[in-house]
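Peer 1: Sharing a structure below in structure tokens format, with a few things to ask.
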Amino acid sequence: MFLLAVLSVVACAFAADPSDKSLFHDTHSLLWRDCGGSDAWIKMSDFNMTPKPLRLPGHAALTVHGINNGPGISQNAVLDVNIQKRLLNKWTQIPCTGDLGTCRYNDTCHFIQVLFPQGKCPQEFTDNGLPCTCPFTIGHGKSITLNDDAVEMGAVKPIYTWLTTGEFYIKLQMYETGKTAERMCLEFYINLQK
């Protein structure tokens, strides 16, 4: 029985990551990968955020290079967001509470409104033709490009401050409304500090 208890403790100490980190691009600020299949609509070739670690609230520089290889994307998409936090060396899924955590957004406009409340679109997005208000469309063949553009990372509500520090795993999956085929998949490992 003692041996079983010791093995359980050792197994918890070396908890497996949600996704194999060796498959990720290491930018020294975060780990990321495009996990979408060959038929994915959105394909990313570069993603980075600095500084390391990211601070909430704080300023960050965002680099994104990608393209929409599929049809025009508007409100015809569902977004699944999976967020896990390493707690006591174990990955714990953050439940969906108040549109924060592991949530399904059946209405992409609602997700956009969560990210950009009151339609406040950062100048860097509008300068690069990236939508952050509804209705929106990312057309076929449209490049998604940001080059070290400044992004303001706002404060979170006091009830969520425990989510502003630590190591996180985030997976974003997009599906066409009413279909099961995955149209985008991105994964990240990221560290946050207050």
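Just so you know, all these numbers are worked out from the coordinates, no wet-lab data involved. Only a predicted model underlies this, so the values are computations on that prediction, with no experimental measurement involved. Glycine also receives a Cβ, built like all others from the backbone with ideal geometry; neighbour counts cover every protein chain displayed.
Peer 1: Tell me, how many Å apart are the Cα centres for region 104-130 and for region 134-194?
Peer 2: Cα centroid to Cα centroid, the span is 11 Å.
Peer 1: Output the relative contact order of the chain, whole-number percent, from Cα pairs under 8 angstrom with separation of 6+ residues.
Peer 2: On the way: 399 pairs, mean separation 58.3, N = 194.
With pairs under 8 Å counted, the relative contact order is 30 percent.
Peer 1: Below 15 angstrom from the Cβ of Thr27, what's the summed charge of the other residues (Lys, Arg +1; Asp, Glu -1)? Walk me through the numbers before you get to the answer.
Peer 2: Working: positive: Lys21, Arg33, Lys52; negative: Asp26, Asp34, Asp46, Asp148, Glu187.
Spelling it out: positives minus negatives among the neighbours equals -2.
Peer 1: Turning to a different aspect of this structure: Going by alpha carbons, how many degrees (0 to 90, nearest 10) lie between the helix axis of 2-13 and the longest principal axis of the chain?
Peer 2: The angle comes out at about 30 degrees.
Peer 1: Here's something else I'd like to know. Find the percent of Cα-Cα distances in the chain that exceed 20 Å, and round it to a whole number. Show your work: numbers first, answer last.
Peer 2: Details: 11361 of 18721 pairs.
So the portion of pairs separated by more than 20 Å is 61 percent.
Peer 1: Now, a different point. Could you line up Ser22, Ser45 from fewest to most neighbouring Cβ atoms inside 10 Å?
Peer 2: Working: Ser22 8, Ser45 11.
Fewest to most other Cβ atoms nearby, the residues stand as Ser22, Ser45.
Peer 1: Please arrange Trp32, Trp162 by counting, for each residue, the other beta carbons lying within 10 Å of its beta carbon, fewest first.
Peer 2: Numbers: Trp32 21, Trp162 12.
In order of increasing Cβ crowding within 10 Å: Trp162, Trp32.
Peer 1: Going by C-beta contacts inside 10 Å, put Thr180, Thr145 in order with the fewest on the left. The partial results should precede the final answer.
Peer 2: On the way: Thr180 6, Thr145 15.
The fewest-first ordering by Cβ neighbours comes to Thr180, Thr145.
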